[in-house]
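The values are calculated or read from the model by the stated rules, or taken from the named source; none is laboratory data. Keep in mind the model is a prediction, meaning the values are calculated, not measured. Cβ placement follows ideal geometry from the backbone for every residue including glycine, while neighbour counts extend to all protein chains displayed.
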Amino acid sequence: MLSVTYGSMFTDTSPVADVLSSSQYSNEAYDYPANLRESFQDLGRTVSEKVQLLSSATSPAEAQAALTAPPTAKPQPKTFSHAIARAALASSQLLQQHHTGASEDPLATALEKYALAEERVGEARLAQDAQIQSRFLAGWNTTLNTNLMFATRARKSVENSRLLLDAVKARSKSSGWKASSPGGHDEEVASEEAKAQIEQAEDEFVGQTEEAVGVMKNVWMYSPMINNMRLI
C-alpha cells in the first residue's frame, strides 16, 4: 500500500500541468492571431530604430546602450480584442472618408463604438492576466519549485535506501551466510546477523518512503496556492 501511494505521488503531474497550462497568461499574445506581415513590420521598425541609435553613438558604451535600449514607441497590445478593435476602427475611418452624406455614416459610427468596446475588453484581459501573474503564478512557481526541490531530495533518499536494501539482500545470498557449517551453529548466528541487517535496511526504506510521501503531500496540499486559485 505504501509503495502504491509513493508511486502515485510521483507519477501524478497535476501541479506541474496546472503551472504549464496557466503559464500562458504570461504571454500577452496567447489569443492573438498569427500575422506574419505584422511581425515583419515590427521587426523592421525595431531594426530601423536600433540603426538610428547606433549611427548617433560616439563611444562603445553608447553603442551598447543603444543595442539594449527598449523601443521608444510603445508597441500595440497583442490581444485578440485589441486586434478586432484596430480593424473595426480602421474600417470606421475608411467608411467616413468615403461617405458623401451630410450626416455621419451609421455603420462607421457603429464600428467606432464597437472598436471602443473591444478595446475595453482587451484592456480588461490584460489587467486580468497581470493579476493572475502577480497573485497566482509568481507565488505558485516559487512554492512549487521549493517544494519540488525537497521532494527530489526525498525521492533520491528513497532510491538510495532501496538500493541499500537490495544490496544487503544480495550480500546475504552471495556471502555464504546461509551456507551449512559443522553443527549448524555458525549458520544460525550468521543468519541472525543477516536478518538484522535486512530488517534495518527495510526499516530505513519504509521510513524514507513515508517521509517522501509527506513531502509530496505538501506540494499537493499547499493551502496558500489553493486560496490563490480560488481568486482566479
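Per the listing E118, E49, the residue uniquely modelled with pLDDT under 90 and either not hydrophobic (A, V, I, L, M, F, W, C) or not in a helix (DSSP H, G or I) (or both) is E49. Comparison of S172, S180 shows that the only residue that is surrounded by 12 or more Cβ atoms within 10 Å (Cβ to Cβ), of a type in the set (S, T, Y) and at pLDDT below 85 is S172. Just give me the residues in the range 133-167 being modelled with pLDDT under 85, surrounded by 13 or more Cβ atoms within 10 Å (Cβ to Cβ) and either under 23 Å from E202 (Cβ atoms) or hydrophobic (A, V, I, L, M, F, W, C) (or both), in sequence order. Those that are modelled with pLDDT under 85, surrounded by 13 or more Cβ atoms within 10 Å (Cβ to Cβ) and either under 23 Å from E202 (Cβ atoms) or hydrophobic (A, V, I, L, M, F, W, C) (or both): F136, L137, A138, W140, L144, L148, F150, A151. Scanning the range 90-104 for residues that are in contact (Cβ under 8 Å) with a residue 12 or more places away in the chain and in a loop (DSSP other than H, G, I, E, B) yields a count of 0.
Can you confirm whether A87 is free of Cβ contacts under 8 Å to residues at least 40 places away in the same chain and either in a helix (DSSP H, G or I) or more than 27 Å from the chain's Cα centre (by Cα) (or both)? Judged against the criteria, A87 is a match.
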